[in-house]
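The values are calculated or read from the model by the stated rules, or taken from the named source; none is laboratory data. The model shown is predicted, which means the values in this text are computed figures rather than measured ones. Cβ: placed from backbone, ideal geometry, glycine included. Neighbour counts: every protein chain shown.
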Amino acid sequence: MATEKNIPAYLVEKDNTTHMILFTAFFALLFINLFQPFGSRNWYPNITDFKYFFFSSLIILTGMLVVVLSRVIMHRYSRRNNITYIRYGAWIVAEIFAMSLFYALFSKYVPEGSENRDFMEILQQAIFNTSLVLLLPYGISMLYFSWKEKSKLLEEHKELAGPPEIPRKRRIAFTDEKGEVKITIELNHLVYIESADNYATIHYINKERLSRFPIRNSLKYFEQNLIEDTPLVRCHRSYIINLDKVKVLKKTKDGIFMELDLNQLADIPVSKTYYDSVMQKFSQYSV
């Protein structure tokens, strides 16, 4: 025989239980004042709508004490015992019957002129109306609690998983100062970009040899428009470097330098102005 499945813990948490009771009370107040069930309009004949709202609210809130008492007992019971879906369903049925009995007894014996009404008929109608009063807000609350719990678990999963992997562009199209594309280079072939007066020189690998391509544009333009979501970073007023091509980052008495994985190239300096941004991006692309 299969083991009965227990309800999620969030259904009996103190905060969620409080929110469910408050929402159910609010829903019940709207329900009884809009639809006037249980023959409630005849309880107090010849009264204003405001007085009807006042008296019916007191009755609803008194009836809700049944739910409050029930949920307090459930909360304490859940500390030592598991609550299965079958038990939880039976508990809700018992709440509906208890509230229905309260409303039926009130309708039968409290309002003047209602003594001749059939009690079982009143109870049957009370069960129907009470089911609406409780099951609708209960269902809405459970759906909300489930959504909230899944959102919480998703956020925790994101935190454990760490920051998302940074998408990388595969190719970069370099344009001149007029916006015309002059060269497109695969990122794994691009080594660094060097500033030279009004030009920038792009250093890249072509057929296993280092090649250069001068382009009339500024390093600042490339920094602002091309290096996002790439391993490229501005490391000096004269250089943008591809961190994937960096073999060693070293500090010497002359400053900070990056050693490239190409023997024929000199080390690229890292200025103090760009050190923090270089290290931040270096940590992202050093995996």
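A compact table of results
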{"read-out": "Whichever residue in the range 242-283 is polar (S, T, N, Q) and outside any loop (DSSP other than H, G, I, E, B) and, among such residues, is nearest to residue 195 (Cα to Cα)", "value": "242"}
{"read-out": "Residues that are out of contact with any Ser or Thr (no Cβ under 8 Å at 6 or more places or on another chain) and either part of a loop (DSSP other than H, G, I, E, B) or more than 12 Å from residue 270 (Cα to Cα) (or both), drawn from the range 222-241", "value": "222, 223, 224, 225, 226, 227, 228, 229, 230, 231, 232"}
{"read-out": "Complete set of residues in the range 206-228 that are of a type outside the set (Lys, Arg) and touching a residue at least 24 places away in the same chain (Cβ under 8 Å)", "value": "210, 213, 215, 217, 218, 219, 221, 222, 226"}
{"read-out": "Residue count for the range 229-272, restricted to those that are of a type in the set (Gly, Ala, Ser) and free of Cβ contacts under 8 Å to residues at least 12 places away in the same chain", "value": "1"}
{"read-out": "Unique match (being touching a helix residue (DSSP H, G or I) at 6+ places or on another chain (Cβ under 9 Å) and modelled with pLDDT under 85) among 114, 78, 100", "value": "114"}
{"read-out": "Selected residue [under 30 Å from the mean Cα position of the chain (by Cα) and of a type outside the set (Val, Ile, Thr)] from 85, 77, 103", "value": "85"}
{"read-out": "Residue within the range 125-142 that is surrounded by 15 or more Cβ atoms within 10 Å (Cβ to Cβ), over 16 Å from residue 28 (Cα atoms), modelled with pLDDT of 85 or more and of a type outside the set (Phe, Trp, Tyr) present", "value": "yes"}
{"read-out": "Whichever residue in the range 273-287 is among the hydroxyl-bearing types (Ser, Thr, Tyr) and touching a residue at least 12 places away in the same chain (Cβ under 8 Å) and, among such residues, is surrounded by the most Cβ atoms within 10 Å (Cβ to Cβ)", "value": "274"}
{"read-out": "Top-ranked residue in the range 53-101 [being out of contact with any Lys or Arg (no Cβ under 7 Å at 6 or more places or on another chain) and of a type in the set (Ser, Thr, Tyr); ranked as surrounded by the fewest Cβ atoms within 10 Å (Cβ to Cβ)]", "value": "62"}
{"read-out": "Subset tally (residues that are more than 11 Å from residue 213 (Cβ to Cβ), in contact (Cβ under 8 Å) with a residue 24 or more places away in the chain and either loosely packed, with under 11 Cβ neighbours inside 10 Å or more than 39 Å from the chain's Cα centre (by Cα) (or both)) for the range 177-192", "value": "3"}
